[in-house]
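> First, the structure itself, so that you have it in front of you.
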Amino acid sequence: MLDILAIVLYYPNMNSTSSSSAGFCNRGSAGQFVSAILMALAVAGAVLLESFAKFLPTAVKALILLVPLGCGVAYVHFLLRDMRRLDELQLRVHLEAAAVGCLGTFVVMLLYPAVQYAGFLGQLRPVYVVFVLIGSMGLGYANAVRRYK
Amino acid sequence: MKNRLKVLRAENDWSQARLAEVLGVSRQTVNAIETGKYDPSLPLAFELARVFGMRIEEIFFSDSEATDRMGARLEGR
């Protein structure tokens, strides 16, 4: 989900440049986009299968749950490959966006216990962290898009 | 840091896209350098100097140097 958000918000606005072919510009690689979509679909599929197909043998379930991992590895591979093709300003903007995402999540997670203790929020569930991460990364990438014009 | 990139580009009648292509960076990067929003790395500054056939210090100069130049120009009037 995060990957798709990042691609939708960020990559259409960020042309990568290849040092081997100076000046050649292309939009975010298709490999990265496809692997991100596949990973999101695989995660959703695995979660659905895991919750509905309780009759499946454990080994089969484990195999199903490993599919998103493969897509994730492919995504990381394409992401790194594309990042190596970014020029210096693109890398800097990218890094700042990622920092906003990670540090935003960190700050919220630090504050959460205090807010929870005050009685404003309930027990922290792992899924909340994902939503906070999506929100803060969305902000970071939206800022990156604004700056990179 | 200030620079004369826009002037040099205009003298050569190059678009930002053309210069970006020659440098192997994106047009946005050239624009950010021209507007002073981004200071290029040393390798990119060297590449810029090579493209225009100049020395780095003939293209880039510090803010105080820019103020001095402006002052000298005004005194000359």
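> Residue by residue through the stretch A:84-96, which ³J(HN,Hα) values in whole Hz follow from phi under the Karplus form 6.51 cos²θ - 1.76 cosθ + 1.60 (θ = phi - 60°), with glycine and proline marked x?
With coefficients 6.51, -1.76 and 1.60, one gets 5, 8, 6, 7, 5, 5, 4, 4, 5, 5, 4, 5, 5 Hz.
> What does the charge dipole of the protein assembly as shown about its Cα centre add up to, to the nearest 20 debye, if the Cβ of each Lys and Arg holds +1 and the Cβ of each Asp and Glu holds -1? Before the final figure, lay out the partial values.
On the way: 23 positive and 18 negative charges, 82 e Å.
Charge dipole of the protein assembly as shown: 400 debye, to the nearest 20.
> Further question on the same structure: Tell me which chymotrypsin sites (Phe, Trp or Tyr not before Pro) from the stretch A:55-88 have a DSSP coil assignment and no more than 12 other beta carbons within 10 Å of their own. Could the numbers behind the result be given before it?
Numbers: sites: A:PHE55, A:TYR75, A:PHE78; in loops: A:PHE55.
Answer in residue order: A:PHE55.
> List the chymotrypsin sites (Phe, Trp or Tyr not before Pro) within the stretch A:82-149 that fall in a DSSP loop (any state other than H, G, I, E or B) and whose Cβ has at most 12 other Cβ atoms within 10 Å.
A:PHE120
> Further question on the same structure: Rg to Rh for the stretch B:19-60: what is it, with Cα atoms only and Rh by Kirkwood?
Values: Rg = 9.5 Å, Rh = 10.3 Å.
That ratio is 0.92, to two decimals.
> Tell me, what is a quarter of the convex hull surface for the C-alpha atoms of chain B, in nm² with one decimal? Can you show the working numbers first?
Numbers: hull surface 21.0 nm².
If I average the Cα hull's projected area over directions, I get 5.3 nm².
> If you don't mind, there's one more thing I want to ask. Enumerate the lysines that B:LYS2 could reach by cross-link, defined here as Cα to Cα under 16 Å, with residues fewer than 8 away along the same chain left out.
B:LYS37
> In Å, what Rg and Dmax follow from the Cα atoms of the stretch A:86-137?
Cα-based Rg and Dmax for the stretch A:86-137 come out at 14.2, 47 Å.
> Let me ask something else. Ignore the peptide's own chain and count Cβ atoms of other chains within 10 Å of each Cβ in B:15-23; give me the average, rounded. Each step should come with its number before you reach the end.
On the way: counts 0, 0, 2, 1, 1, 6, 5, 2, 4.
Mean shielding count: 2.
> Along each principal axis of its Cα atoms, how long is the protein assembly as shown end to end? Whole angstroms, biggest number first, please.
87, 48, 21
Each reported figure results from applying straightforward, stated rules to the coordinates on display, with no laboratory input. What you see is a predicted model, and the numbers here were worked out from it, not measured in a lab. In this analysis, Cβ positions are derived from the backbone assuming ideal geometry, glycine residues included, and neighbour counts consider all displayed protein chains.
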